[in-house]
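Trainee: Got a structure for you, written out below as structure tokens; questions coming shortly.
Taken together, the values in this text are just the output of simple stated rules run on the coordinates, not laboratory data. Because the structure is a prediction, the values reported are computed rather than measured. Ideal geometry is used to build each Cβ from the backbone, glycine not excepted, and the neighbour counts take in all protein chains shown.
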Amino acid sequence: MKTAVILISGRGSNMQALVDARPGLDFRAVISNRPAAGGLAWAQSRGIATRVVDHKAFPSREAFDAELARAVDAFSPDYLFLAGFMRILTPGFIDRYPRAILNIHPSLLPCFPGLDTHQRAIDAGVKLHGATVHFVTPALDHGPILVQAAVPVLPGDTAEALAARVLAQEHRIYPQAARWLAEGRVEFRGADVVQVRGSGVEGDWAISPRDPP
Ligand code: GRF
């Protein structure tokens, strides 16, 4: 079975969705950059090893990332899942794990990289918003896309209401991506394009690619 480590900074609802879905990966550890991250207790309650690498204890991003890499490497993961991990990683760290770091971002990338995505989507007047699972590259929120899910932006939406609608889809597509990785179905077409072997696009087109019914 392929192995994985999850990086969190907060409540870790995406981490919970990943673990509870049992996607066929051995989740060896959860690592947080914040000692108070709520997700740590949950991971412990599931018998998953936890570590804290507090970014405040390091003088630079490079020093933090070096310690983070040491903590990660102790578990020899095939994949690293960023799940609400709120630190920008250095190119040095990212290059250490080529095509092995995944992130979930709450927008339909390449629209709205960065923070505050839901309010920005409302302010821009887009009719569809959503979430993206992508491979992490040194360009922030711009790596090869594995799966996306779209939700409508409704008249009168608040950022909170829209975030909740998007989060429900995050909890659906991140485990799906993990399953595809576990099944060895994820293929690169060149440096930027990812395809999932055997996935169809039938149905309502809300998620593409999707497994056939
Ligand atoms: C999610 O919306 C995730 O996409 C974003 O931050 C939020 C984290 O939520 N990067 P959680 O910690 O997974 O509950």
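Trainee: Could you run the Karplus curve 6.51 cos²θ - 1.76 cosθ + 1.60 with θ = phi - 60° over the range 119-131 and give me ³J(HN,Hα) per residue in whole Hz, x for Gly and Pro?
Mentor: Computed from phi, the couplings for the range 119-131 are 5, 5, 5, 4, 5, 7, x, 5, 9, 10, 9, x, 9 Hz.
Trainee: Now, a different point. Where Rh is the Kirkwood radius over the Cα pairs of the range 1-98, the temperature 37 °C and the viscosity 0.692 mPa s, what D in µm²/s does Stokes-Einstein return? Don't jump to the answer; show the numbers that get you there.
Mentor: Numbers: Rh = 13.4 Å.
Once the numbers are plugged in, D ends up at 245 µm²/s.
Trainee: Along Cα→Cβ, 7 Å out, is where each label goes; now give me the distance between the ones at residue 11 and residue 185 in nm to one decimal.
Mentor: Here the modelled spin labels are 3.0 nm apart.
Trainee: Related question: Based on DSSP H runs of at least 4 residues, each adding -39500 (n - 2.57), what is the mean residue ellipticity at 222 nm of the chain after dividing by all its residues, to the nearest 500 deg cm²/dmol? Walk me through the numbers before you get to the answer.
Mentor: Values: 6 runs with 66 residues, N = 213.
After summing the helix terms and dividing by residue count, I get -9500 deg cm²/dmol.
Trainee: Where does each of 90, 132, 158 land when they are ranked from fewest to most other beta-carbon atoms within 10 angstrom?
Mentor: Details: 90 19, 132 24, 158 12.
With the fewest neighbours first, 90, 132, 158 line up as 158, 90, 132.
Trainee: Please identify the longest segment of the chain free of exposed GluC sites (Glu not before Pro), where exposed means a DSSP state other than H, G, I, E or B and no more than 16 other Cβ atoms within 10 Å. Don't skip to the end; give the middle numbers.
Mentor: On the way: sites that count: 183, 202.
Answer - 1-182.
Trainee: In whole percent, what relative contact order does the chain give with Cα contacts below 8 Å and a gap of six or more residues? Walk me through the numbers before you get to the answer.
Mentor: Working: 419 pairs, mean separation 39.0, N = 213.
Answer for the chain is 18 percent.
Trainee: Can you report the principal axis dimensions of the range 103-213 using only the alpha carbons, biggest first, rounded to whole angstrom?
Mentor: 41, 35, 18
Trainee: Sticking with this structure for a sec: Enumerate the amide H contacts of residue 7 below 5 Å, restricted to partners 5 or more residues apart or on another chain; note that Pro and chain-start residues carry no placed amide H.
Mentor: 31, 81, 82, 83
Trainee: With only alpha-carbon atoms counted, please give the Rg and Dmax of the chain, in Å.
Mentor: Using the Cα atoms of the chain, the pair Rg, Dmax is 16.8, 51 Å.
Trainee: For a quick check, take a GNM of the chain with Cα springs below 10 Å and name the residue from 30, 133, 153 with the largest mean-square fluctuation.
Mentor: 153
Trainee: Can you compute the modelled spin-label distance between residue 139 and residue 172, with each label point 7 Å from Cα toward Cβ, in nm?
Mentor: Computed distance between label sites residue 139 and residue 172 equals 2.9 nm.
Trainee: Now a separate question. Could you give the distance between the Cα centres of the range 82-160 and the range 170-187, to the whole Å?
Mentor: Each part's Cα centre sits 16 Å from the other's.
Trainee: A further question on this structure: When the Karplus curve 6.51 cos²θ - 1.76 cosθ + 1.60 is applied with θ = phi - 60°, which whole-Hz ³J(HN,Hα) does each residue of the range 73-79 get, with x for Gly and Pro?
Mentor: So the Karplus estimates, Gly and Pro as x, are 5, 4, 9, 6, x, 6, 9 Hz.
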